[in-house]
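The next block holds one structure in the form of structure tokens; read it before the comments.
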Amino acid sequence: MTLAFLNIDWQTLADATALGSIYALMAVGIGLVFGVLRLVNFAYGQLVMAGAFALALASQWGWPVWAGILLCFASVLVLSVLMDRLVFRPLRGQSPAVMLVATFAIAFLLQSIALLWFGPLGKIASSLAYLNRPVTIGSVDIRKITIVAIVVAVVCLLALSLLLERTTIGLHMRSAALDFQTARMLGVRADRVIGLAVLLSGALAAVVAVMLTVQSPLVTPDFALRDTIIVLAGVVLGGMNRLIPATLGGFAIGFATGLLGGALPTNQSQYIPSFVFGAVILVLLVRPSGLFMRGRVVERV
Amino acid sequence: MRRVLALQELLGPAAVVVIAALLGAVVSTSNEAYFTDALVKVAIVVALYVFIGNSGVLSFGHISFVALGAWAAGVLSVPVSEKPAIMPNLAHALRDRTTGNLSSLLIAALVGGVCALFVGLPLMRLSGLAAGIATFGVLEITHNLLRYEEKVGPGLNTFSSVPETTTLRQATFGALVAVVVAYVYARSRYGRILRATREDAAAARAVGASVYRQRLIAFTISGLVAGFAGGLYVHLLPLNTESVYLDLTFITLAMLVIGGATSLWGAVVGALAVSALDSYLAVAENGTSLFGWHIDLPAGTRVIVVGVLMAAVLILRPTGLTGGREFRLWPRPA
């Protein structure tokens, strides 16, 4: 069966699901840090970009795949810890809007460092290119990366939810996300919780970097910038304050853009960003706390 | 006496603008362009200040109004004979009309103001992060529409053949107009009420101020100034959709934050100081010498330096270089 009336075939549907899964991972990465720091990390895409350049360099030097992925994880983790120490930590206690502007500046900073280092044309990360070949399931051809991306995303999300639900540090993180002050008073170690959130968020950025470089092997300084903007919109759409709504929002926006992008003719699909951001503004106006959130947040004096 | 002393808050920023203009007039023709550009940036940053500074609400969306103003002024200024070449799909109503320099600037301001009013009507209910993301959405939508809507402009092409009437003199007058509008607004009843809501929204509400209405007024006025600045910008150099998008948003926000977002003085000082630094680095990227040292910076250094500076100011001195205070030569009488 194909959804022929919408001109959607199985590959489009699978691609949209894969894109949604990758965006869901990015949404979790952004949501984890937001939960403990109340900081929207606009520079998250530049973490992914750094990981992608690491992969590109590894494949240029002829390193084996596992070494490239290791380099990717190492560089993204180091960068995210640096970002936390040099930027997030001094900014703690500032208003969310100030922190958003600051990470906006960091995003541009990292992007221009990449521009200086690697040039505007970018590099090719090709070690995992074989994942782009199709595999036949039943009578349908689907690219391997589509399946890999979905599986990896599901595994990551399951592992993360186990960590958050079943371990002490996970409990600490959830309580810190609910009310940081009270959690600290009850003995939650702030720096440990924040450190873990930053590391987990960095690890997710590295996973996303691996997935995205397979789909688009050309790594340029503005790699993942557009994706971050869309994911941020999705996170707000779902509900910034809780991880599950944020993840759903990320998935929904990825799935929707993927599906519309594959199904609509070019002269309509070029307007997808307008639709997406129009929807985001509408949701912000109607349900300021998010689409998948129950109840509402009212400020009182 | 108090009114006379308050005038220094206008005369300080205006004097700095005039000094920059005079400096621009005595340097070589190739360097004059940097000063003209800096003065147009002053107009844009002052537009940002009118809303962000007075309301304390973040907006990533003001470059939309700059873009819309630029598009309006640009489309109406290209000579009729050249329109089919660069804008083949232009709407009929726009195809056969061309206006002069001044009227195109006024129309740009009007377009910016009207669009800001309509965008603000729903959006001014938001604050904090939600406002940041929603205004970012406005920027994305404007960019997306201008990029592909060829009925109202050149689409993906560059706005060539717009008469380059933004000389140093016009940029100076433009910056001064923006400064005067911002000053008059900030001194008015509305500006004062809005700043009260910035300091304490609940207290301001309690004495009868409508946060929504005050923000909407400020948003409209700043859209007006932003549209006007966009008109100046399109007459300065050939623009395309990428030149009024993220990069311009970044540099103008950086200017406002570095100068000090809560004062007109901060906006003007920030715009001129960052422009000076940026232009110097731009020259240095092409090779220059300082105190006998030959400096040849790689391309891209400018954004790094400005980005580091912006982050450093946000972390070390969140109120900006001027401390967010207005210019004062003499203290105000008690």
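The values are calculated or read from the model by the stated rules, or taken from the named source; none is laboratory data. Given the structure is predicted, the values throughout are model-derived calculations rather than measurements. FYI the Cβ positions are ideal-geometry reconstructions off the backbone, even for glycines, and counts take in every protein chain you see.
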query = Among the numbered criteria (1) outside any loop (DSSP other than H, G, I, E, B); (2) farther than 21 Å from A:P96 by Cβ, which single criterion is violated by A:A197?
reply = (2)
task = Among the numbered conditions (1) within 29 Å of B:G74 (Cβ to Cβ); (2) within 13 Å of chain A (Cβ to nearest Cβ); (3) of a type in the set (A, V, I, L, M), tell me where B:A201 comes up short.
result = (1)
task = Quick one: A:G119 ticks every box in (1) modelled with pLDDT under 90; (2) more than 14 Å from every other protein chain (Cβ to nearest Cβ) except a single one, so which number is it?
result = (2)
request  = Can you run down the residue pairs with Cβ atoms below 9 Å, 6 or more apart or on separate chains, where the first is in the stretch B:16-29 and farther than 9 Å from B:T172 by Cα and the partner is part of a helix (DSSP H, G or I) and among the aromatic types (F, W, Y)?
outcome  = B:V16/B:W265; B:L23/B:F35; B:G24/B:Y34; B:G24/B:F35; B:A25/B:F35; B:V27/B:Y34; B:V27/B:F35
inquiry  = Name the single residue that is surrounded by the most Cβ atoms within 10 Å (Cβ to Cβ) among those in the stretch B:26-59 being small (G, A, S) and closer than 15 Å to B:A276 by Cα.
reply    = B:A38
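Quick grid of which residues meet (1) under 18 Å from the mean Cα position of the chain (by Cα); (2) not in a loop (DSSP other than H, G, I, E, B):
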{"residue": "A:P120", "(1), (2)": "no, no"}
{"residue": "A:I145", "(1), (2)": "yes, yes"}
{"residue": "A:V152", "(1), (2)": "yes, yes"}
{"residue": "A:S201", "(1), (2)": "yes, yes"}
{"residue": "A:A205", "(1), (2)": "yes, yes"}
{"residue": "A:V210", "(1), (2)": "yes, yes"}
{"residue": "A:V214", "(1), (2)": "yes, yes"}
{"residue": "A:F223", "(1), (2)": "yes, no"}
Residue count, the stretch A:151-190 (criterion: surrounded by 15 or more Cβ atoms within 10 Å (Cβ to Cβ), polar (S, T, N, Q) and free of Cβ contacts under 8 Å to residues at least 12 places away in the same chain) = 1
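For A:V101, are the conditions met, namely being at pLDDT below 90 and crowded, with 20+ Cβ neighbours inside 10 Å?
The answer is yes for A:V101.
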Count of residues meeting criterion [within 28 Å of B:V4 (Cβ to Cβ) and among the polar types (S, T, N, Q)] in the stretch B:180-222 = 3
query = Can you name the residue in the stretch A:127-150 that is among the small types (G, A, S) and surrounded by fewer than 16 Cβ atoms within 10 Å (Cβ to Cβ) and, of all such residues, is nearest to the other protein chains (Cβ to nearest Cβ)?
reply = A:A129
key: Which listed residue, of B:L68, B:L105, is within 25 Å of A:G278 (Cα to Cα) and either out of contact with any helix residue (DSSP H, G or I) (no Cβ under 6 Å at 6 or more places or on another chain) or at pLDDT 90 or above (or both)   = B:L68
message = Checking the condition touching a residue at least 24 places away in the same chain (Cβ under 8 Å) and among the aliphatic types (A, V, I, L, M), which residue from B:A196, B:A206, B:A273 passes?
response = B:A273
task = Find all pairs meeting these conditions: Cβ atoms under 6 angstrom apart; at least six residues apart or on different chains; first residue within the stretch B:138-150 and at pLDDT below 90; second residue part of a helix (DSSP H, G or I).
result = none
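Quickly run through the stretch B:234-266 and pick out the residues that are small (G, A, S) and surrounded by fewer than 24 Cβ atoms within 10 Å (Cβ to Cβ).
Residues of the stretch B:234-266 that are small (G, A, S), as a first pass: B:243, B:254, B:259-261, B:263, B:266.
The one that is small (G, A, S) and surrounded by fewer than 24 Cβ atoms within 10 Å (Cβ to Cβ): B:S243.
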Filtered residues of the stretch A:80-95 (kept if within 9 Å of chain B (Cβ to nearest Cβ) and either crowded, with 18+ Cβ neighbours inside 10 Å or among the acidic types (D, E) (or both)) = A:V87, A:L91
key: Those residues of the stretch A:191-221 which are in contact (Cβ under 8 Å) with a residue 12 or more places away in the chain and among the charged types (D, E, K, R), in sequence order   = A:R192
request  = Could you run through the stretch B:34-67 and say how many residues are over 11 Å from the mean Cα position of the chain (by Cα) and under 24 Å from B:G24 (Cα atoms)?
outcome  = 4
inquiry  = I need the full set of residues from the stretch A:242-289 which are part of a loop (DSSP other than H, G, I, E, B), at pLDDT below 85 and facing chain B (nearest Cβ under 10 Å), in order please.
reply    = A:P288, A:S289
inquiry  = Name the single residue that is modelled with the highest pLDDT among those in the stretch B:293-334 being in contact with an Asp or Glu (Cβ under 7 Å, 6 or more places away or on another chain) and among the β-branched types (V, I, T).
reply    = B:V306
key: Selection within the stretch A:98-113 - among the polar types (S, T, N, Q), at the interface with another protein chain (Cβ under 7 Å from one of its Cβ atoms) and closer than 21 Å to B:T319 by Cα   = none
key: the stretch B:236-255: number of residues that are part of a helix (DSSP H, G or I), among the hydrophobic types (A, V, I, L, M, F, W, C) and over 18 Å from B:G270 (Cβ atoms)   = 2
query = Is it the case that B:Y233 is closer than 14 Å to B:G112 by Cβ and part of a helix (DSSP H, G or I)?
reply = yes
ask   = Would a scan of the stretch B:27-36 turn up a residue that is closer than 30 Å to B:R187 by Cβ and not in a loop (DSSP other than H, G, I, E, B)?
value = yes
task = Determine if the stretch A:16-32 includes at least one residue that is under 24 Å from A:G261 (Cβ atoms), of a type in the set (V, I, T) and over 14 Å from the mean Cα position of the chain (by Cα).
result = yes
